[in-house]
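**Q** Encoded as structure tokens, here's the structure I'll be asking about.
The values are calculated or read from the model by the stated rules, or taken from the named source; none is laboratory data. No experiment lies behind these values; they were computed from the predicted model shown. We place every Cβ from the backbone using ideal geometry, glycine too, and count neighbours over all the protein chains shown.
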Amino acid sequence: MDAGMNKETMYQGQMHKIQRDLMLRWYQELDAAVDNNAPVVYLMVSGNCVELLHACGVLPVYPEINALQLAIRNQSLPALLKSEELGYSSDNCAYVKADMGSYAMNQKTTLGTRIPKPSLILCNYVGCSTYIKWFEHIAALTGAPLYMLDIPFVRTSEPLPQDVEYVVKQLNEVIEILEGITGKKLDPEELRFRVSLARIAEELWSEVKALSKHSPAPYDAYFDATTMMGPLYVYRGQKECVDFFQAALREFGERIQQGTGVGYTEKFRLVVEGPPPYPYFRTFRDLFANWGACAVASTYSTVGGIWEFGFRHDPDHPLKSIAEHMLSQNLANRNFLQRYGQIKRYVDEWQADALVIHSVKSCRLFSAGQGDMREHFTKDLSVPTLFVESDLEDPRYFSTAQMRNRIDAFFEALEHRKFCNTHVAGVAR
Amino acid sequence: MVFESLIEAWEEIVQDPDFSIVRDWKNRTGGKAVGYFPVYTPIEILHAGAILPVGVMGAGNRLEIAHADSRFGSFICSVAKSTMELGLRSNLNVMDGMIFHSICDTARNLAFLFQRNFSGRMKVDYIHFPQNPESSAAVDYLEAELRRLKTSMEELIARPITDEDLNRSIAACNENRNLVSQCYALRSEKPHMITTRELYILLKAGNYLRFEDHSIMLRSAMKAIENRTARPKDKIRVVLEGSFCEQPPLDLLQAFEDAGCYIVNDDLLPVRNWYLRDIEVNGNPLRALAENYVKHSRYSSVRHDWSHPRMEGLVEKARASKADAVVFCIAKFCEPAYFDYVPMKDALERENIPHLLVEFEEKMWTFEKARNEIETFVESILFD
């Protein structure tokens, strides 16, 4: 371990500051919408179609982001306990529980702002079955209209023609509903413009992702990428998103030129699978940083979209490309074996030393079958793999001591393996 | 065979983790067998291809989980693990295919674990059922999805499945579902004449039989039941809700009745009783199947239909069954059932219908705790 072990590392740069400002602005806009009755649409993160909402002039609300904000600021437990009082099981997704508990407590956001009632609950059912229940419950509580935007799961190598047709038809139904809410017809030029802005941001995000192929990586592609997901999902289709990724690209490019990494010496390059433990986000990061371990790629940063392999929204075919994005160009709606393929590409192309699987209790989309994933990567592909369990929202499932033990043991073994490989290679030469 | 002996014989068969009856059927007929995971599959398409559709719903408490635990995390339901275990131990080698469906995230990932681990041994299909019945596009989509399944089954049997084949199967399946409905009606009317354990075994036998054979069995069983002499006991009438995928052990069902409940309706084995009405037999059978699924399915925790929410469906079911109470019987880690529990219990409370929550795992062995809870609940209603 580095001499600086167990110290808190400073990770934050310009990108983090801009992200904070943007997210604060969004929450302030939502707060203002409570008073001025501006239309808002509740949406989920996975494979979201936020550019369509911007084209219609409505603000998105993401209950997942509200829930994770509670967790990352250590405020999720009271809401979780409240939801359990209401009858939710300890085995239900804690994102939903925190959101419903918070709603029942009439809580403000962690920034002290209010969340407006939905004009439309648009359930983009993209892979996560829990979304259906979550939005049904919000609809039952608020009485707001609910539209179930059903995205067929990728069950063959590519989406089938009937899948694309089904989704495009539903998107047209959504547009009709949004037009009814705003009282304005959707301008096709405006949609093309929003999609073209999304495309530019996707190109920049993709370039950012490619930068972590450098060694040392200029940012952590798990923890820092999580930070970058906020503007990507809230502002995609707006100029702010483009500006944000330009700033991030500039900052990380400078770090590469200066040869500085994430603030500590990079000794291990990781691919990370699964969502982070938000209640212990900083602790979890430090446990890896203490070993000089830096994520160079992560699956979690692709739940809203996978752009690093070339997909872009297409302004010439906006609805078809939105449908394709929702169907197959995001992690959540791709099948488990396609995820294996995605991770393998990360390991090979980003030159990772190991895979870390963080299995969360709340999210079966991610966790069901991750033992098989470990089996595949260790036995079939000989990729050293660490498997740890906790939760993304519920602090009761994270034990720092146990987590530290497992992580330390893994890196001790990995360090030994690296030493042996180098030593043996040296002798052979 | 007298009814009691029939039930005794089938009690073993429906719990047999080796699927010996399927093996025998294949040896006898030379036909193909395709397993389907809960909760619903378009059995008509398999039947039309002379394939034996086999319900594969885990291994109950007859198989120790030795290998599958390590393939899943800690917080995953037993039915996914025991089904994986059946595959890892080669018990499913008798199947020529397995079909999974979009019922929950665990079942979906299980499908792809099957593809990785067993696709050399069997065909693995996955069906995405539409969750937007209010969209004008849902029926078209499902028709295409069913056509895809038909093509896959045709590849398996190496011959086409014709519309005539499909229509014959739809008619046979309609008849079978009508008989299942009659069994449910009989039990609801005279719950002292047949126990839920018996009815469950009778219906689960359909997981391993061609419709026609199962229908013969149901007809003769109903005759035998009607000829029984039994007197009603002082028990409460309950609807069982939440066991639509992982199935409770037979002894737990027995414990409900021993503790003073007549189960007068339930959502066990939903595939046997999925539709509210017959599927039309017409010139476009796949279209008819798709339309019936989108427009005339019973409410289910794995199917979204906001024009008729599940909580309303449960209240209507409890009223129609003249139930004194509803018992939520939910498998550990079953998210769809846990999520529905909250709005469903709220709806029951608004209607002053008492309810109880009992959790189970298919592999559970002791039922004393559950029985105590149920007894207390029954007494609280009987002596209210």
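**Q** Output the number of the condition that residue B:109 fails; it satisfies all remaining conditions of (1) closer than 30 Å to residue A:336 by Cβ; (2) more than 12 Å from chain A (Cβ to nearest Cβ).
**A** With (1) closer than 30 Å to residue A:336 by Cβ; (2) more than 12 Å from chain A (Cβ to nearest Cβ) applied to residue B:109, the lone miss is (2).
**Q** For residues in region B:283-296 being in contact with a Lys or Arg (Cβ under 8 Å, 6 or more places away or on another chain) and surrounded by 19 or more Cβ atoms within 10 Å (Cβ to Cβ), which is farthest from residue B:346 (Cα to Cα)?
**A** Applying the filter and picking the extreme gives B:286.
**Q** Could you tell me whether residue B:357 is touching a residue at least 24 places away in the same chain (Cβ under 8 Å), within 14 Å of chain A (Cβ to nearest Cβ) and within 29 Å of residue B:186 (Cβ to Cβ)?
**A** So residue B:357 fits the description; yes.
Rundown of residues vs (1) closer than 30 Å to residue A:365 by Cβ; (2) crowded, with 18+ Cβ neighbours inside 10 Å; (3) in contact with an Asp or Glu (Cβ under 6 Å, 6 or more places away or on another chain); (4) within 14 Å of another protein chain (Cβ to nearest Cβ), yes/no style:
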residue: B:271; (1), (2), (3), (4): yes, yes, no, no
residue: B:281; (1), (2), (3), (4): no, no, no, no
residue: B:300; (1), (2), (3), (4): yes, yes, no, yes
residue: B:320; (1), (2), (3), (4): no, no, no, no
residue: B:331; (1), (2), (3), (4): yes, yes, yes, yes
residue: B:343; (1), (2), (3), (4): yes, yes, no, yes
residue: B:353; (1), (2), (3), (4): no, yes, no, no
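**Q** Out of (1) more than 14 Å from every other protein chain (Cβ to nearest Cβ); (2) touching a Pro at 6+ places or on another chain (Cβ under 6 Å); (3) within 20 Å of residue A:119 (Cα to Cα); (4) not aliphatic (A, V, I, L, M), the odd one out for residue A:179 is which?
**A** Among (1) more than 14 Å from every other protein chain (Cβ to nearest Cβ); (2) touching a Pro at 6+ places or on another chain (Cβ under 6 Å); (3) within 20 Å of residue A:119 (Cα to Cα); (4) not aliphatic (A, V, I, L, M), residue A:179 violates only (2).
**Q** Can I ask one more? If you take the residues of region B:124-144 that are under 22 Å from the mean Cα position of the chain (by Cα) and within 7 Å of chain A (Cβ to nearest Cβ), which of them is surrounded by the fewest Cβ atoms within 10 Å (Cβ to Cβ)?
**A** Across region B:124-144, the extreme among qualifying residues is B:128.
**Q** Moving on to the next point. Given A:217, A:210, A:198, which one is loosely packed, with under 14 Cβ neighbours inside 10 Å and closer than 20 Å to residue A:309 by Cβ?
**A** A:210
**Q** Here's a follow-up. Go through region A:31-60 and give me each residue that's of a type in the set (A, V, I, L, M, F, W, C) and surrounded by fewer than 21 Cβ atoms within 10 Å (Cβ to Cβ).
**A** Once the filter is applied, which keeps residues that are of a type in the set (A, V, I, L, M, F, W, C) and surrounded by fewer than 21 Cβ atoms within 10 Å (Cβ to Cβ), region A:31-60 yields A:32, A:33, A:34, A:38, A:59.
**Q** Next question, about the same structure. For residues that are assigned to a loop (DSSP other than H, G, I, E, B), within 11 Å of another protein chain (Cβ to nearest Cβ) and among the small types (Gly, Ala, Ser), tally how many sit in region A:103-145.
**A** Residues meeting the conditions: 2.
**Q** Only one of (1) surrounded by fewer than 22 Cβ atoms within 10 Å (Cβ to Cβ); (2) within 14 Å of chain A (Cβ to nearest Cβ) fails for residue B:225. Which number is that?
**A** (2)
**Q** Any residue in region A:81-89 that is on the phi < 0 side of the Ramachandran plot, away from every other protein chain (no Cβ under 14 Å) and more than 21 Å from the chain's Cα centre (by Cα)?
**A** Checked against the condition, which is being on the phi < 0 side of the Ramachandran plot, away from every other protein chain (no Cβ under 14 Å) and more than 21 Å from the chain's Cα centre (by Cα), region A:81-89 yields at least one hit.
Let's see how each residue does on (1) closer than 22 Å to residue B:21 by Cβ; (2) out of contact with any helix residue (DSSP H, G or I) (no Cβ under 6 Å at 6 or more places or on another chain); (3) crowded, with 24+ Cβ neighbours inside 10 Å:
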position: B:59; (1), (2), (3): yes, no, yes
position: B:67; (1), (2), (3): no, no, no
position: B:74; (1), (2), (3): no, yes, no
position: B:93; (1), (2), (3): yes, yes, no
position: B:119; (1), (2), (3): no, yes, no
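**Q** Could you list, in sequence order, the residues of region B:228-251 that are within 25 Å of residue B:333 (Cα to Cα) and either small (Gly, Ala, Ser) or buried (at least 22 other Cβ atoms within 10 Å of the Cβ) (or both)?
**A** Correct list: B:238, B:239, B:240, B:241, B:242, B:243, B:244, B:245, B:246, B:247, B:248.
**Q** Scan (1) touching a strand residue (DSSP E or B) at 6+ places or on another chain (Cβ under 9 Å); (2) of a type in the set (A, V, I, L, M, F, W, C); (3) part of a loop (DSSP other than H, G, I, E, B) for the single condition residue B:333 breaks and write down its number.
**A** If we test residue B:333 against (1) touching a strand residue (DSSP E or B) at 6+ places or on another chain (Cβ under 9 Å); (2) of a type in the set (A, V, I, L, M, F, W, C); (3) part of a loop (DSSP other than H, G, I, E, B), just (1) comes out false.
**Q** Could you list all residues from region B:154-174 that are over 19 Å from residue B:292 (Cβ atoms), of a type outside the set (D, E, K, R) and either in a helix (DSSP H, G or I) or within 14 Å of chain A (Cβ to nearest Cβ) (or both)?
**A** B:156, B:157
**Q** Whether any residue in region A:383-401 is more than 14 Å from residue A:274 (Cβ to Cβ), crowded, with 19+ Cβ neighbours inside 10 Å, within 14 Å of another protein chain (Cβ to nearest Cβ) and touching a Pro at 6+ places or on another chain (Cβ under 9 Å) is what I want to check.
**A** Scanning region A:383-401, I find at least one residue that is more than 14 Å from residue A:274 (Cβ to Cβ), crowded, with 19+ Cβ neighbours inside 10 Å, within 14 Å of another protein chain (Cβ to nearest Cβ) and touching a Pro at 6+ places or on another chain (Cβ under 9 Å), so the answer is yes.
Residue-wise test of (1) among the hydroxyl-bearing types (Ser, Thr, Tyr); (2) touching a Phe, Trp or Tyr at 6+ places or on another chain (Cβ under 8 Å); (3) surrounded by fewer than 24 Cβ atoms within 10 Å (Cβ to Cβ); (4) modelled with pLDDT under 95.
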residue	(1), (2), (3), (4)
A:81	no, no, yes, no
A:85	no, no, yes, no
A:89	yes, yes, yes, no
A:98	no, no, no, no
A:106	no, no, yes, yes
A:111	no, yes, yes, yes
A:114	no, no, yes, no
A:128	no, no, no, no
A:137	no, yes, yes, no
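**Q** Which numbered condition trips up residue A:265, out of (1) out of contact with any helix residue (DSSP H, G or I) (no Cβ under 7 Å at 6 or more places or on another chain); (2) assigned to a helix (DSSP H, G or I)?
**A** So the condition that residue A:265 fails would be (2).
**Q** Sort out which residues of region A:194-250 are part of a helix (DSSP H, G or I) and of a type in the set (Ser, Thr, Tyr), and write them in order of number.
**A** A:196, A:206, A:226, A:227, A:233
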